[in-house]
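Heads up: the structure comes next, in structure tokens.
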There are 2 protein chains.
Amino acid sequence: MELTHALQQIQPSYIREILRDAQAPGVISLAGGLPDGDHFPIALMEKSLASLAQNPALFQYGQTAGYGPLLDYFRSQFKLPEHHESLVCTGSQQALDLIARAYVNPSDKVVMEAPSYLGALQVFGLAQANIVSVSQQADGPNLAELEACFAEQSPKLFYAVPDFHNPTGVTWSLEVRQKVAQLCQQYKVTLIEDVPYRELRFTGEMLPLVSSFCPDQALVLRSYSKIATPGMRMGVVSGKSEWIAPLVKVKQSADLHSSIPMQAVLLDLITHPDFPSHIEKLRVLYQERYLSFAEQLQAKLPQGCHFNPVEGGMFVWLTLPECDDFALAKAALTNKVAVVPSSVFYKKGERITPGLRLNFTNATAEELVSAVERLVDVIKQECKTA
Amino acid sequence: MELTHALQQIQPSYIREILRDAQAPGVISLAGGLPDGDHFPIALMEKSLASLAQNPALFQYGQTAGYGPLLDYFRSQFKLPEHHESLVCTGSQQALDLIARAYVNPSDKVVMEAPSYLGALQVFGLAQANIVSVSQQADGPNLAELEACFAEQSPKLFYAVPDFHNPTGVTWSLEVRQKVAQLCQQYKVTLIEDVPYRELRFTGEMLPLVSSFCPDQALVLRSYSKIATPGMRMGVVSGKSEWIAPLVKVKQSADLHSSIPMQAVLLDLITHPDFPSHIEKLRVLYQERYLSFAEQLQAKLPQGCHFNPVEGGMFVWLTLPECDDFALAKAALTNKVAVVPSSVFYKKGERITPGLRLNFTNATAEELVSAVERLVDVIKQECKTA
């Protein structure tokens, strides 16, 4: 059967495709965006999971927008104004997909920082959007470029990951946040603020959401994959009711609604009195791993390799001297360390900076030491280092 | 924000929209396709739910295609040949949506029996398919019409619900199954065989899947919403590997994968030694309800109303004398019985038979008696009965 024109353009996700190889015995994976499976808050969920059987009503069909008590909690927790609503999704990935399906016609312009989250490139690619890239600096997007793009190209959406960006780890400064919000309002561009890593800040001060400066010009995607568990597939999108309603309509077609038992367990978990200390433990754990990983990289990488320090999240973005980043990633896998080549984070045909995205949250401190050694060997072989 | 051209054409699901009203206190709902919530196999799931906390690996990201042991079970249970595969979906609704997104370009022709499953009308509407209707008879689609349509219009897909059709309850005869399979092969039309009600046969003999006569020309959608529980959102699509792979690619964008804990619980449930007797109990329960419901309708309906007996499933399709079916459904809701007007099961602009879809699985025998009384009152008021 012939594929749709849209799907013919889409590459399968490199990361999803190598997930199996990356999980092979002996391989240390820095490839996925996987939280540490040994530190899931399972103990905080145990009672809730066991009690599901006492609540058969959770197993009936439910409202498309989500489980009522969870939506009520989101309203209060996110301090949503009266005219805003939330929609529970099968991961925030689904929220992004619903937005594209509700609002993006083929050729509509969607702005993203380059490099970009692979899942967003796929979603907007499948929607046949015209993806417009703006370059990213150490404190967020290049504002002059962004304004010129908004003014000259009238894009519909600006998709952004302002906290511990995937793949680069960049966090937007307060000034950038305020300016981007102002530009979105001025040029009537809808901000899609994706904040899956926001709670994983292990140093520095938490900054306001960009959307807090333009609440009626934004849709916010929150994920529970990094602070709760990804296997449950729980995310939520919030914004003006008139912008959420069309997403609900698409979700009716897409899957009717997300798993209600999982939504009930999520609510029990995130309202558990010990949940904040679970997040705090994650922050400490990931900070320890990051610091030792960064130290190892600093000590062992050959000249011409570079990375900026990060204040949280899950990734280090390593730029490399001239090399074939795919060949490098392949050689690394052979040498039993899985990494993601930078090319996959750029739209097709875009000029790339050769490099690697390195995840530091899913390997132990000891594994991270070995991973750096294996990786450095391969970089020395594959890159034209000085 | 302006909606996509595709979404602008789509009506929200009448059934999803009235779900809240239909569940209001005092209202007897014959509207949804809801299984009886008092007979969910929760007891068979209790141990499995409680044991999830002992298996943290289930809470990590997983493969897009689904939880390995569940896929293995499907391979053996469905007797899939070597070159076939399955993909676990968030309900079989998602499988249908993925098929449309992978294979249906705007204007591609998709054949359906009229009236049709509302969720399929929505999915193919959102894909901007050209929906071609063939009329339905007591034993399945009108074969002459279907062949003419295949021969003259070269459709890409034929979407069908051959067991206890939604909304009509019609089951295809063996001869129709064989002939449709032959036509699909002859004209290279892919059969989408949707069988959510298949196990709910309470009389007569189970007939082979249509796809068993054309396995390489079909995709089969199975649902666990009717025999397990709908709130978990579990369905599966099976077919040739080369046809499943593109669905996996779309699902990567759509939600990465479906909830793994729910997949593990489903596997425990459907392999539980008492699961077959749970299904048998459901069949007995639904048969009792159907028989008493049919008897009540037969006894009390005014002249000019008609329904065909059904051998299983969840619905009775009541055709009515001349009336405004929407006004009738609204009046029924005021009279505290929720039903679905026949119009919603036809594509826009199509000539409809005025009628109602009546669900008999989610109300008790006593409620069904009252529901018929309330409904008959309203029909006498709203329809031009003799």
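The values are calculated or read from the model by the stated rules, or taken from the named source; none is laboratory data. All values derive from a computational prediction rather than experimental measurement. Positions of Cβ are generated from backbone atoms using ideal geometry, with glycine treated the same way; all protein chains shown enter the neighbour counts.
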Task: Matching residues in segment B:293-312 - criterion: being farther than 17 Å from B:L34 by Cβ and in contact with a Leu (Cβ under 6 Å, 6 or more places away or on another chain) - done: B:C305, B:F307
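Go through segment A:60-97 and give me each residue that's in a helix (DSSP H, G or I), within 12 Å of chain B (Cβ to nearest Cβ) and surrounded by fewer than 24 Cβ atoms within 10 Å (Cβ to Cβ).
Within segment A:60-97, the first condition is being in a helix (DSSP H, G or I), and the residues that meet it are A:68-77, A:91-97.
Cutting the leftovers down to within 12 Å of chain B (Cβ to nearest Cβ) gives us A:68, A:91-97.
The answer is A:G68, and nothing else.
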Open item on the list: Checking the condition aromatic (F, W, Y) and touching a Phe, Trp or Tyr at 6+ places or on another chain (Cβ under 7 Å), which residue from A:F164, A:F213, A:F158 passes?
Closed with: A:F164
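Per-residue answers, yes or no, for (1) closer than 30 Å to B:D36 by Cβ; (2) aliphatic (A, V, I, L, M); (3) more than 8 Å from every other protein chain (Cβ to nearest Cβ); (4) loosely packed, with under 15 Cβ neighbours inside 10 Å:
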residue	(1), (2), (3), (4)
A:Q11	no, no, yes, yes
A:D21	no, no, yes, yes
A:I28	no, yes, yes, no
A:L34	no, yes, no, no
A:N55	yes, no, yes, yes
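So, A:Q296, is that one crowded, with 17+ Cβ neighbours inside 10 Å, of a type in the set (S, T, N, Q) and more than 14 Å from chain B (Cβ to nearest Cβ) or not?
yes
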TODO: Please go through segment A:138-159 and pick out each residue that is touching a strand residue (DSSP E or B) at 6+ places or on another chain (Cβ under 9 Å), under 21 Å from A:L209 (Cα atoms) and either at pLDDT below 95 or outside any helix (DSSP H, G or I) (or both).
DONE: A:G140, A:P141, A:N142, A:K156, A:L157, A:F158, A:Y159
Task: Hits in segment B:351-377 - residues which are outside any loop (DSSP other than H, G, I, E, B), over 19 Å from B:P35 (Cα atoms) and among the charged types (D, E, K, R) - done: B:E373, B:R374, B:D377
Open item on the list: Restricting to segment B:305-314, name every residue that is within 19 Å of the chain's Cα centre (by Cα) and loosely packed, with under 15 Cβ neighbours inside 10 Å.
Closed with: B:N308, B:P309
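Here's the yes/no breakdown for (1) closer than 30 Å to B:G68 by Cα; (2) within 14 Å of chain A (Cβ to nearest Cβ); (3) outside any helix (DSSP H, G or I):
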position	(1), (2), (3)
B:V265	yes, yes, no
B:Q287	no, no, no
B:S292	no, no, no
B:E322	no, no, yes
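Kindly provide the set of residues from segment B:202-218 that are in a helix (DSSP H, G or I) and aromatic (F, W, Y), ordered by number. Steps first, please.
Here is the first cut: in segment B:202-218, the ones in a helix (DSSP H, G or I) are B:210-213, B:215-217.
Residue satisfying the conditions is B:F213 alone.
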TODO: Might you let me know whether segment B:268-289 holds any residue that is exposed (fewer than 15 other Cβ atoms within 10 Å of the Cβ), hydroxyl-bearing (S, T, Y) and over 19 Å from B:R198 (Cβ atoms)?
DONE: no
TODO: Of the conditions (1) buried (at least 20 other Cβ atoms within 10 Å of the Cβ); (2) outside the structural domain of A:F78 (by TED's automatic domain parsing); (3) within 30 Å of A:E46 (Cβ to Cβ), A:M262 clears all except one; give me its number.
DONE: (2)
Open item on the list: Give all pairs with beta carbons closer than 6 Å in which a residue from segment B:183-196 that is buried (at least 20 other Cβ atoms within 10 Å of the Cβ) meets a residue that is modelled with pLDDT under 95 and not in a helix (DSSP H, G or I); count only pairs at least 6 apart in sequence or on separate chains.
Closed with: B:T190/A:M1
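Per-residue answers, yes or no, for (1) surrounded by fewer than 17 Cβ atoms within 10 Å (Cβ to Cβ); (2) at pLDDT 90 or above; (3) in contact with a Leu (Cβ under 7 Å, 6 or more places away or on another chain):
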position: B:V316; (1), (2), (3): no, yes, yes
position: B:D324; (1), (2), (3): yes, yes, no
position: B:K330; (1), (2), (3): yes, yes, no
position: B:A338; (1), (2), (3): no, yes, yes
position: B:P341; (1), (2), (3): no, yes, yes
position: B:F345; (1), (2), (3): no, yes, yes
position: B:I352; (1), (2), (3): yes, no, no
position: B:N359; (1), (2), (3): no, yes, yes
Task: Of residues in segment B:36-53 being part of a loop (DSSP other than H, G, I, E, B) and more than 8 Å from chain A (Cβ to nearest Cβ), the one modelled with the highest pLDDT - done: B:P41
